[in-house]
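**Student:** Would you mind keeping the following structure in view while I ask a few things?
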Amino acid sequence: MKRLIRPFILFLCIIGISMLHYLTPLHLPYLHDIFQRLYYLPIILAALWYGFRGGLLCSIVVSIAYAPHILFQWGGHLTVEMEKYLEILLYNIVGSVTGLLSQRERERTIELQKTAQGLEESYQKLQIQSEKMMAVEEKLRRAEKLSTLGEMAAVLAHEIRNPLGSIRGTAEILRDDYKPGEPKHEFIEIQIKETERLNRVVEDFLHMARPQPVDMHPCPVQEELEMIVTLTKNDARERKIKLVLQPPTVPVIIKADGEKLRQAFLNIAINALQATPPDGSVIISTSVYKTALCEIRFRDTGPGIDTETLAKIFEPFYTTKPDGTGLGLAITKKIIESHNGTLLVESEPGHGTTVTVRLPMQDTTNGGIS
């Protein structure tokens with residue numbers, strides 16, 4: 001329908017102007033001069049809309065419509081006829097030239113649009129390549145950190161771990177010589193706790209730096225989470241936090257190393273409890289995601305994490321806690337990835353944090369992983 005509007009407009013213009021010519025008496029030549037110039041309107045419009053062919057075709061149609069008026073109404077006046085015939089020639093020249101210029105301009109516009117589109121595509125490709133290069137650079141930096149960490153862990157394991165065991169054993173022997181409440185008993189307790197904390201730091205280094213073999217077995221997710229709740233419920237009670245474990249609608253079984261999975265879940269649960277203020281809550285839920293994945297969510301009502309911090313939480317040694325090592329979440333992510341899973345953290349300041357773990361469910365048909 002839209003394609004017929006423009007030809008219909010041109011047709012009406014030509015018919016209307018021709019009718020004015022044929023119906024206006026010849027003793028009003030000044031009106032005929034005006035009508036004669038009006039023919040340029042449809043010619044120029046046709047040239048602008050359809051290019052060279054459109055302008056030339058419209059000028060020919062105008063010439064055919066105008067010629068009988070010259071032959072039969074102005075016949076016998078040679079000078080007048082010559083002027084009218086020259087006008088017809090001018091119609092065709094204007095139609096052709098205007099159409100040619102319009103067509104060239106249109107082609108140039110199309111070329112410019114193609115060039116702009118090509119530049120946009122090139123820019124997008126460069127942007128994608130730049131992002132890939134940044135990602136590779138980030139991986140290289142992380143690999144360099146892990147390489148350095150491996151060397152440090154080997155030295156720490158050899159130089160610190162054994163003396164720490166001796167210090168703790170000696171402190172435990174000395175503790176038996178003093179009754180609870182005595183100053184020296186309290187100091188020895190502090191020594192034992194600090195030794196344990198230092199030993200945990202060494203263990204974190206070792207877990208982060210060395211690849212840990214996984215012993216995969218069918219693992220009921222709900223049972224593992226119930227154990228995590230049992231281990232953390234006293235801490236939640238002391239912090240006055242409501243710890244809730246929501247059961248899944250159907251039993252969910254994955255193939256995993258239960259011990260390492262518990263370590264990862266425990267790290268996430270402890271972080272959630274530490275981030276939640278008194279009278280807050282931590283909710284742990286399990287569901288099936290896209291039929292083949294198990295989704296475990298840890299949702300807290302803490303202050304949330306800002307965007308800048310959220311981008312760094314998995315980096316080794318990055319921590320916002322005064323006594324943290326910055327390795328807990330990095331180790332957790334490594335454990336989840338070793339189980340072919342993903343770890344996602346969503347947070348907004350003032351609205352709490354949700355940590356989502358997605359793990360492949362066990363394929364009960366062949367005992368493999370879905």
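The values are calculated or read from the model by the stated rules, or taken from the named source; none is laboratory data. Owing to the predicted nature of the structure, the values given are computational and were not obtained by experimental measurement. Virtual Cβ from ideal backbone geometry, glycine too; neighbours counted across all protein chains shown.
Per-residue answers, yes or no, for (1) in the same structural domain as Y30 (by TED's automatic domain parsing); (2) touching a His at 6+ places or on another chain (Cβ under 9 Å); (3) of a type in the set (K, R):
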residue	(1), (2), (3)
M82	yes, no, no
L101	yes, no, no
R104	yes, no, yes
I110	yes, no, no
I128	no, no, no
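**Student:** Here's something else I'd like to know. Looking at segment 84-96, is at least one residue surrounded by 14 or more Cβ atoms within 10 Å (Cβ to Cβ), without any contact (Cβ under 8 Å) to a residue 60 or more places away in the chain, under 30 Å from F35 (Cβ atoms) and of a type in the set (D, E)?
**Tutor:** yes
**Student:** Checking L343 against (1) farther than 18 Å from S287 by Cβ; (2) at pLDDT 90 or above, only one condition comes out false. Which one?
**Tutor:** Going through the list (1) farther than 18 Å from S287 by Cβ; (2) at pLDDT 90 or above, L343 breaks only (1).
**Student:** Of all residues in segment 244-265, which are outside any loop (DSSP other than H, G, I, E, B), over 20 Å from I305 (Cβ atoms) and not acidic (D, E)?
**Tutor:** Narrowing segment 244-265 to residues outside any loop (DSSP other than H, G, I, E, B): 244-246, 253-256, 258-265.
Narrowing further to those that are over 20 Å from I305 (Cβ atoms): 244-246, 253-256, 258-263.
Correct list: V244, L245, Q246, I253, I254, K255, A256, G258, K260, L261, R262, Q263.
**Student:** While we're on this one: F317 - would you say it is crowded, with 20+ Cβ neighbours inside 10 Å and either within 29 Å of V252 (Cα to Cα) or modelled with pLDDT under 80 (or both)? If you could, list the steps in order and put the result at the bottom.
**Tutor:** Numbers: crowded, with 20+ Cβ neighbours inside 10 Å: no; either within 29 Å of V252 (Cα to Cα) or modelled with pLDDT under 80 (or both): yes.
So F317 fails the test.
**Student:** Could you tell me whether segment 104-125 includes any residue that is touching a residue at least 24 places away in the same chain (Cβ under 8 Å) and surrounded by 10 or more Cβ atoms within 10 Å (Cβ to Cβ)?
**Tutor:** The initial filter retains those residues of segment 104-125 that are touching a residue at least 24 places away in the same chain (Cβ under 8 Å), namely 106.
When the remaining residues are screened for being surrounded by 10 or more Cβ atoms within 10 Å (Cβ to Cβ), the result is 106.
Scanning segment 104-125 turns up at least one residue that is touching a residue at least 24 places away in the same chain (Cβ under 8 Å) and surrounded by 10 or more Cβ atoms within 10 Å (Cβ to Cβ).
**Student:** Could you identify the single residue in L126, L89 that is over 29 Å from G51 (Cβ atoms) and either of a type outside the set (D, E) or in a helix (DSSP H, G or I) (or both)?
**Tutor:** L126
**Student:** Right, next: List pairs: first residue in segment 183-199 and over 15 Å from P163 (Cβ atoms), second residue part of a helix (DSSP H, G or I) anywhere in the structure, Cβ distance under 6 angstrom, at least six positions apart or on different chains.
**Tutor:** I188/A171; I188/L174; I188/R175
**Student:** A further question follows. Filter segment 1-30 for residues that are free of Cβ contacts under 8 Å to residues at least 40 places away in the same chain and outside any helix (DSSP H, G or I) and give the result.
**Tutor:** Correct list: M1, T24, P25, H27, L28.
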